[in-house]
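The values are calculated or read from the model by the stated rules, or taken from the named source; none is laboratory data. Predicted model, so just to flag it, every value in this text is computed and none were measured. Glycine gets a Cβ as well: all are built from the backbone with ideal geometry, and neighbour counts include every protein chain shown.
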Amino acid sequence: MRIPLIAGNWKMNMTCESGKKLAKAIAEGIGDTDVEIAVCCPFPMLFGIADALRGTPIRLGAQNMHWEDSGAYTGEVSAAMLTEAGTTYVILGHSERRHVFGESDEWVQKKLCKAIESELVPILCIGETLEEREQEQTENVLEKQLEMSLKSVAANNAERIVIAYEPVWAIGTGKTATPQQAAEAAEFIRSWLVNKYDNEVSEKIRILYGGSVKPDNASEIMESEEIDGALVGGASLKVEDFIGIINF
């Protein structure tokens, strides 16, 4: 049985001190839950947030990483650096990395392989733009991103990956995919995984939805048995909203 995962993506928000306060408030407010929880913070906050989360069930995540172990890569962060900070999860291929910073599917694939090799849990983000959806290209886009990202990932390693379906047009816009749209995308991803690997492997991979998730739409979105949680943006910066989503 897949354990639901609610992961907060803080993006480029807050300072270490305000982040620590937020992390502690979330930990104090969640109570008993069967849901796995993670917060993915900016690089400079990792050690501070790790301290704030120590002794709580909340896991630490990063928002990106490089595929090389070291070298002349100014501004980049390695998997070893993330591991040293106590990181469990790392977000890879987020649409803002792809569309704002020009990351390619090939880069995402290299990062994914390095994360697996380093025993980090990658949260692989895939999703279509509004133009691609209007042209009925959603499944083609998802298939290309999955094929490129997972082309060299063996079945025994694929089981550890989390896949987040994030329609680009719904991220930070206030727009949300309808429950039917989210379910159809998740079902397509699951069927692709069956074809790529097999049913047993596919059933172990968690699929999240991301894109303007809020407490008032979380339950409806996650009604689909193929959706195993959410990658939450803005709502993860507010204690009551994030806990409301955790308690979906």
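Any residue in the stretch 36-56 that is touching a His at 6+ places or on another chain (Cβ under 7 Å), buried (at least 17 other Cβ atoms within 10 Å of the Cβ) and assigned to a loop (DSSP other than H, G, I, E, B)? No: zero hits.
Among the residues of the stretch 116-150, not one is closer than 19 Å to GLU200 by Cα and surrounded by fewer than 13 Cβ atoms within 10 Å (Cβ to Cβ).
Residue pairs whose Cβ atoms lie under 8 Å apart, sitting 6 or more positions apart in sequence or on different chains, and linking a residue in the stretch 113-127 that is farther than 14 Å from ILE189 by Cβ to a partner that is in a loop (DSSP other than H, G, I, E, B) and of a type in the set (Val, Ile, Thr), are CYS113/VAL153; ILE116/VAL153; ILE116/ILE161; LEU120/THR87; LEU120/THR88; VAL121/THR88; VAL121/ILE161; PRO122/ILE161. Taking the stretch 200-225 as the range and being of a type outside the set (Asp, Glu) and touching a Pro at 6+ places or on another chain (Cβ under 6 Å) as the test, the residues that pass are GLY211, ILE221. Any residue at all in the stretch 101-114 that's over 16 Å from PRO167 (Cβ atoms) and of a type in the set (A, V, I, L, M)? Checked against the condition, which is being over 16 Å from PRO167 (Cβ atoms) and of a type in the set (A, V, I, L, M), the stretch 101-114 yields at least one hit. One residue stands out among those in the stretch 88-108 that are closer than 25 Å to ILE58 by Cα and in contact with a Gly (Cβ under 8 Å, 6 or more places away or on another chain): the one that is modelled with the lowest pLDDT, which is SER95.
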